[in-house]
Every structure is written in structure tokens, then in C-alpha cells.
């Protein structure tokens, strides 16, 4: 390409060279461009605005010292016109500007396709991220609800067991209280008889005393000492409960990727997976 330093029309050498002919590799002003396009030999030349041009030095063939104006499509290398008749004889060629235009179009298409694919991936990732966040909230709520239900069942069972203990223990306590009351009554009766005995010992021994002592003996024999009741005992045998038992009651969850490989299992949480492709 021509040097960008001039920026002056290389035809009239006076007006600003605002247009660049890709075929001739020269700067043109607007008027000279119109004249150039009217010529039969250059009607289809392609122009580019000079402001968007990245200037470079013209590349030349090392063998023939001519500018590269063609692309050898067979070898995929730039060539000059002399190379066509030389070692590239019989090969397929295209103009350098046409090759550049083709590559420019291909690159534009590739970039467009890549950016479209990236945008589609972004949309899919965002949608799946939102869906995943909703699923996480649902799982957390389900775990919480299950835990609350189990807590409620445990509280209910504890309350029922305590109520049953109180009811049955009250019956046993009532039996012991009744036995205790009977034993106390017997003790009082015995103490009263003992007082009568001591008082009787202070009286004059005669026939009346004999009769009273016989009567006292009958009363003493009437005192009944009940045998001791069977004393109740109560104890509690707790059942060993582990965190695993609780987890099994609650349930489990699975977190997996596109191609899951189980990496590590946490019994207290659930099963975590790592994608073998994504890492």
C-alpha cells in the first residue's frame, strides 16, 4: 500500500487524498475518483475512505522486485505478475484486493457468527442461572418444611410419652400412698394400745385387770400389718441417634452438572457432583 504520510491526491497533487483505490494503491480526491471510475479499465476498482486506512509499505517480490498484486490460490501465497509465468505457472490466481475483500468478508461473517453464538450462550446461561437459583430456593424450602414436620412429630411424641409416664406413675404413687396411709393408721393404733397397756399396768391387779388385758390382747391381734407392696421402678432407655439417622429421615438432594462424576459425598448435606468436562 502507498505511504499514508502524503494524504494528498496522487493524481492532481493538490486536493486532499480522501479516497484510496485498493486496486491501484493510490490516494484520490473526490473529483479524481469520479474520473477514475469513468474510465473503462478502472470502472470496477474498489475504493476505501482514507481515514479508515491502515497505511503500510508496499510489499515486493524478493525474486522479481515487483509489487505483490496477486494471490496464488494453489500455494496460498502473494505473487507478482512475473511469478505467474514462473514457478507458479498453471496455478490458480486471484487479485490481491479480491483476496483481501474475500478474507474481510469471511472474517466479518466469522466474527458475526461467534458474537451471535456468545450472545445465545449468555442468554442460556442467564436463563439457567435464574432457573437454578429458583430450584435452590425450592430445595431449601422443602428441606426446611421437612425438618419442621419432623420437629413437630418429635415434639408431639415427646409430649405423649411424658403424659403417659405421668399417668402411669400417678397410679403407682396412689398405690404407695394408700399403703403408706394404712401403715400409719396401724402405727397410731399400736401406739394407742401401748398407752392403754402402760395405763393398765398402773391399776390394781385383780380380776378386772385380767379381763382388760385379755381384751387388749384381742385388740392387738386385730392389728393387721400389711406386707410391703412391690415398689415400682422407672427408667429410660435412650435410643442412639446419629446425624445420619436424622438425614435419612429428612431425605437427600442431588446436585449434578452436564456429565456428573461424583467427587465427594457429604452425608450431612447430600451428594455433590463435578462435571468431568467443565471441571
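The values are calculated or read from the model by the stated rules, or taken from the named source; none is laboratory data. Just so it is clear, the structure is predicted and the values come from calculations on it, not from any experiment. A quick note on method: Cβ atoms are made from the backbone with ideal geometry, for glycine too, and the neighbour counts reach across all protein chains shown.
Here is how the numbers come out for the structure above:
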read-out: Qualifying residue in segment 169-178 (condition: closer than 30 Å to residue 245 by Cβ, modelled with pLDDT of 95 or more and either assigned to a helix (DSSP H, G or I) or in contact with a strand residue (DSSP E or B) (Cβ under 7 Å, 6 or more places away or on another chain) (or both)); value: yes
read-out: 3 or more residues surrounded by 15 or more Cβ atoms within 10 Å (Cβ to Cβ) and free of Cβ contacts under 8 Å to residues at least 40 places away in the same chain: qualifying strands (runs of 3 or more DSSP E) within segment 6-120; value: 19-21, 26-28, 70-72
read-out: Hey, residue 219 assigned to a helix (DSSP H, G or I) and within 21 Å of residue 151 (Cβ to Cβ) or not; value: no
read-out: Hits in segment 58-78 (condition: farther than 22 Å from residue 24 by Cβ and out of contact with any strand residue (DSSP E or B) (no Cβ under 7 Å at 6 or more places or on another chain)); value: 62, 63, 74, 75, 76, 77
read-out: Inter-residue pairs, beta-carbon under 6 Å, first without any contact (Cβ under 8 Å) to a residue 40 or more places away in the chain and in segment 187-210, second exposed (fewer than 12 other Cβ atoms within 10 Å of the Cβ) and in a loop (DSSP other than H, G, I, E, B), 6+ apart; value: 209/203
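For (1) under 30 Å from residue 168 (Cβ atoms); (2) in contact with a strand residue (DSSP E or B) (Cβ under 7 Å, 6 or more places away or on another chain); (3) modelled with pLDDT under 90; (4) assigned to a loop (DSSP other than H, G, I, E, B), each residue gets a yes or a no:
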position	(1), (2), (3), (4)
230	yes, no, no, yes
235	yes, no, no, yes
252	no, yes, yes, yes
258	no, yes, yes, yes
268	no, no, yes, yes
279	no, no, yes, yes
